[in-house]
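Peer 1: Starting off with a structure, shown below.
The values are calculated or read from the model by the stated rules, or taken from the named source; none is laboratory data. Since the structure is predicted, the reported quantities are computational estimates derived from the model, not experimental observations. Don't worry about glycine lacking a Cβ; one is built from the backbone with ideal geometry, like all the others, and counts go over all protein chains shown.
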Amino acid sequence: MSTNLEAVINPLIAGCDEGFIPDELHVTKNPGVSEQFDDITAMMERVVIEYGGDAPELFVTQLEEETDFHGIVDHFRAPIARVQEEGGTTAVDVTPGRKFMSAIAFQAGIQFEADHVYYLYVSNNQFYGRLYPDVPRPVAEFFDFQEVF
């Protein structure tokens, strides 16, 4: 999670554009994102619905401290394992959040074999703060690290 709505919403939109429309959303909540949390998760739900999905089930991992490294790892491990056992498809987005959270998300996605490990790279900071449909495609690259490696 991030306090920046676009950092969370834009990779979700890009993933939906690529055909990954989630039926579950797993997000972390810590004191640093409390004020924006409801707005961001409501927008995430709206994006999924607009792409033709049903309202996704929202799972929230409450972190008392943003440096709860074990809690962050468990946030990824448990749902990836469950969805894999059920025969579903998983994606981890490493775009939003603090650097250490993104690093943990990346490692967890690769280590626990998520089907997709997404990162949205916007190469021109002139377009930060804009929603994905308003970002010119030449400055936006959507990577799936499971395809890169």
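Peer 1: What are the residue pairs meeting all of these: first residue in the stretch 43-60, first residue farther than 23 Å from THR3 by Cβ, second residue in a loop (DSSP other than H, G, I, E, B), Cβ atoms under 8 Å, and 6 or more apart or on different chains?
Peer 2: That search, which allows pairs on different chains as well, returns ILE49/ALA55; TYR51/ILE21; GLY52/ILE21; GLY53/ILE21; GLY53/PRO22; GLY53/ASP23; ASP54/ASP23; GLU57/ASP23.
Peer 1: Here is a follow-up. Being surrounded by fewer than 15 Cβ atoms within 10 Å (Cβ to Cβ) and either of a type in the set (D, E, K, R) or in contact with a helix residue (DSSP H, G or I) (Cβ under 6 Å, 6 or more places away or on another chain) (or both) is the filter here, so list the residues in the stretch 140-149 that pass it.
Peer 2: GLU141, GLU147
Peer 1: Further question: Hey, could you check the stretch 1-44 for residues that are modelled with pLDDT under 90 and assigned to a helix (DSSP H, G or I) and say which is surrounded by the fewest Cβ atoms within 10 Å (Cβ to Cβ)?
Peer 2: The extreme case among them is GLU35.
Peer 1: Mind listing whichever residues of the stretch 117-131 are of a type outside the set (A, V, I, L, M) and more than 18 Å from SER102 (Cβ to Cβ)?
Peer 2: ASN124, GLN126, PHE127, GLY129, ARG130
Peer 1: Additional query: I want to confirm something. Restricting to the stretch 79-136 and keeping residues that are among the small types (Gly, Ala, Ser) and closer than 17 Å to GLU6 by Cβ, which single residue is surrounded by the fewest Cβ atoms within 10 Å (Cβ to Cβ)?
Peer 2: SER123
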